[in-house]
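Presented below is the structure to which this report refers.
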């Protein structure tokens, strides 16, 4: 399924050219004149606040119509060399924004639904008007998945990026998969089996209390389900990696592990 067209961006994203434009002038000047290491260090406090705020909320908490793309908590280039700036800018500012634009357009004439979160809309999508059902599934799902995806990544060199999960999550991973390395191998293998476009997830099943690796096509997912908690999600649509990795999804996955924010993932496991 091709990514939806993005004819325009909702304000203020139509004026967003770089995350630094959202910062005060003196801060922007500082960031543009410092090294990558200094940038990462300067972002650590903000990212720590982000991890605490988003540990249990896959999208902006309680957000309802009109939906909006949350600004990134890091610069477009901050995940390099693993995820390149051009891809991040296109992915966040065009692809994700298009899902939100199309979702809002479809909901505009349905005021009774304006008080619903995207999770609520997805849970009840089969009861919605027929014309809305595929829009909520694809564009609502795309918005929810991407909001979470941005939150569980952070720049290399900042606290929580790459490395290992917390002690209790690490123990659960070892119990279920044998080791952290075997877990990563299983996740990568599942991600590579996704045919075409889709996502791969790590969830905690509430009934069994066990970790599971799951996949979903297109913009389906796990984040709105009430019988599980989603810990981790990886976008395996080609638009997430093609500019840098072309058709080498395996290389993209190998690189992606370096920017996983394990502190956020661990907090979600503990919640």
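Rule-based calculations on the coordinates, nothing more; no lab input. The shown structure was predicted, so the numbers you read here are calculated from the model rather than taken from an experiment. Cβ placement follows ideal geometry from the backbone for every residue including glycine, while neighbour counts extend to all protein chains displayed.
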Legend entry - residue 105-residue 216 FRET efficiency (beta carbon distance; Förster radius 35 Å; 0.05 resolution): 0.90
Inset, instruction - Can you put 70, 191 in order of Cβ neighbours within 10 angstrom, beginning with the fewest? - result: 70, 191
Legend entry - Neighbour-count ranking [beta-carbon atoms within 10 angstrom, fewest first] of 238, 167: 167, 238
Inset, instruction - Could you work out how far apart the two model spin labels at residue 126 and residue 251 are, taking each label as a point 7 Å from the Cα in the direction of the beta carbon, and quote it in nm? - result: 4.2
Inset, instruction - Rounded to the nearest Å, what's the spacing between the alpha carbon centres of the stretch 101-119 and the stretch 209-259? Just the number, please. - result: 26
Legend entry - Distance histogram for the stretch 167-270 (every C-alpha pair counted, 10 angstrom bins, percent rounded to whole numbers): 15, 48, 31, 6, 0
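If you stretched the chain out fully between residue 64 and residue 227, how much longer would it get, using 0.36 nm times the residue separation minus the C-alpha to C-alpha distance?
Numbers: separation 163, 0.36 × 163 = 58.68 nm, distance 2.24 nm.
Taking residue 64 through residue 227 to full extension adds about 56.4 nm, to one decimal.
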